[in-house]
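The values are calculated or read from the model by the stated rules, or taken from the named source; none is laboratory data. Note that the structure is a prediction, hence the values are computed from the model and not measured. Counting neighbours? That spans all protein chains shown, and the Cβs are built from the backbone with ideal geometry, glycine included. The area values use the complete protein model at the heavy-atom level, side chains included, leaving out ligands, DNA and RNA. Shrake-Rupley method; radii C 1.70, N 1.55, O 1.52, S 1.80 Å.
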Amino acid sequence: MYSLNMNSTIFFNLLIWVEIVHSIKLANDLKKSNVLIIFVDDMRHLTEKEVYLPNIQKLAGESIQFSNAFAQQSLCAPSRNSILTGRRPDALHLYDFYSYWREFVGNFSTMPQLFKEFGFDTYSVGKIFHPGKSSNFTDDYPYSWSEIPYHPPTERYRNAAVCKDRKTKKLQKNLICPVTVKTHPGRTLPDMETLKRSIDILSQRNRSKPFLLAVGFHKPHIPLKYPHQYLKRVPISEVNPPNNRYMPKGMPSVAWHPWCDVRYRDDIKALNISFPMGIMPTKWTLKIRQSYYAASLYVDDLIGQLMGYVDNNTIIVLTSDHGWSLGENGLWAKYSNFDVALKVPLIFKIPGQTPRSITTPVELIDIFPTLIELVGLKQTTSKCKSFNDKSTLCFDGKSLVNIMRNNNATFTARKSYAISQYPRPSVRPTINSDKPRLKNIKIMGYSIRTKKYRYTEWISFNNTQFTRNWNKMYGIELYNHMVDGEESNNLHFDPNYIHVRQKLSRMLRSHIDPNFKRAVRSI
């Protein structure tokens, strides 16, 4: 009996020792756990049918890839602030570029700020926060970053007249602008400088501390300026037009926007497209799509080079701030609630995690709480009580770790849809419909996306009280993604879909306004 007890004691002590060793190893692993976040500006969810991006595809094949990830607003500043704070635009009261949440709403913590507080060195290279008032003209430094954020010097030429017209040989401010790098001002391009600075940080950083490095590439944001050789990799003969190039009959006018930043570029301005409802000529539709794909290939190559400097203990996230319309339903650029303007790549490469593809709709506000859980920060990820929650740290999104671990049932029961929104100054498209300032916003389009449907309601919005009137409706849209991937057939008036519409309306309203009775089951 004594021998048995002795052996049991030894075995028990051995288990304790193994557990201690495991805990020490886990703690050491967490100390070494680094994070690299790559933002690709204005990159929509591109399929291989559109353009094959070998480096992003390689990364996706080694990662967990979300094929239905959606931005909360298809505009740079609101989307980026939303991602980096984990809160919706309604919580930040930011729908344009002209307010800083710490002064205008509340002193909310950001993703890099929290990592910095937990002992990480945090770096911003390129476009992470949208520069300007919405990030206090400092990219939220010093709150969010360990050192002053880096912006490439040649950014000063981003809208310069450097695009040579083939006929006149004059330098213009064009939409389509393949360039010869050695003759470009500075003999380089901003994204090349961003890559170099990022590599320098990875190579020369203080290795005694973990890091969070956020790298923001500017292309394929317009102007579509990239090294000219990439155009040859996208033969125009292999570029397909959208299925529908015209405004659908069932589209409410409030859903349309006049894509002014496209039409006012010198090469597009010369086409004399009527304002605000004119349609891009077929030839130019193909040319713009070709250059958008070429610019995406250019950034894909830069990402491939960056990956060569990332070690195996680094969590990698790749995403975009929002998508970009390429002529679908006559629309260009962002500025809408359509899938092409909201759907983005979302890739998590996690050491030791089995690669897989997940189709459940998710939101970009889910990134912040997901990274907290993945890295193991001792921080509770509490849900914000409402859009008026002034807590320093709470989240409108959810951690995706459960669904990453194949616990799909738990996640789906909790939420299987994405919510987005876009403001308008009026029902009819005007000069400021693309990017209305807060004081001019009178309508808000709220949109819910399930696996099967997109449903949008355009309602009255009070821009001083930040309240909504669901009884004052300016347009409703319903699209069935099983048969209509480009959202060209509005089923709102189809009697066969009345119950679907009612259920989606309850789901949408109950999420935006908690006073509405929540839908029991999503569709």
**Complete:** Across (1) farther than 25 Å from D96 by Cα; (2) buried (at least 22 other Cβ atoms within 10 Å of the Cβ), I350 clears everything bar (2)
**Complete:** Taking the stretch 323-344 and the residues there that are open to solvent by less than 10 Å² (accessible area, probe 1.4 Å) and within 18 Å of L53 (Cα to Cα), the one that is farthest from the chain's Cα centre (by Cα) would be L326
**Item:** Cβ pairs under 7 Å, 6+ apart, first in the stretch 493-516 and within 22 Å of M444 (Cα to Cα), second among the small types (G, A, S) and in a loop (DSSP other than H, G, I, E, B)
**Value:** K503/A519; R506/A519; M507/A519; M507/S522; S510/A519; P514/S386
**Prompt:** Out of (1) out of contact with any strand residue (DSSP E or B) (no Cβ under 7 Å at 6 or more places or on another chain); (2) in contact (Cβ under 8 Å) with a residue 24 or more places away in the chain; (3) part of a loop (DSSP other than H, G, I, E, B); (4) over 30 Å from D366 (Cβ atoms), what's the single condition that is false for L286?
**Reply:** (3)
**Prompt:** Quick one: L491 ticks every box in (1) under 21 Å from the mean Cα position of the chain (by Cα); (2) on the phi < 0 side of the Ramachandran plot bar one, so which box is it?
**Reply:** (1)
**Request:** Among the numbered conditions (1) in a strand (DSSP E or B); (2) open to solvent by 20 Å² or more (accessible area, probe 1.4 Å), tell me where I37 comes up short.
**Result:** (2)
**Request:** Please specify each residue of the stretch 152-204 satisfying the condition of being charged (D, E, K, R), surrounded by 15 or more Cβ atoms within 10 Å (Cβ to Cβ) and in a loop (DSSP other than H, G, I, E, B).
**Result:** R158, K173
**Asked** Of the residues that sit in the stretch 240-276 and are polar (S, T, N, Q) and open to solvent by 50 Å² or more (accessible area, probe 1.4 Å), which one is farthest from R424 (Cα to Cα)?
**Response** N240
**The one condition in (1) open to solvent by 20 Å² or more (accessible area, probe 1.4 Å); (2) touching a strand residue (DSSP E or B) at 6+ places or on another chain (Cβ under 6 Å) that T467 fails to fulfil** = (2)
**Message:** Could you go through the stretch 142-149 and let me know if any residue there is on the phi < 0 side of the Ramachandran plot and outside any loop (DSSP other than H, G, I, E, B).
**Reply:** no
**Prompt:** Which residue pairs have Cβ atoms under 6 Å apart, sit 6 or more places apart or on different chains, and have a first residue in the stretch 152-174 that is under 16 Å from H221 (Cβ atoms) and a second that is crowded, with 17+ Cβ neighbours inside 10 Å and hydroxyl-bearing (S, T, Y)?
**Reply:** P152/T194
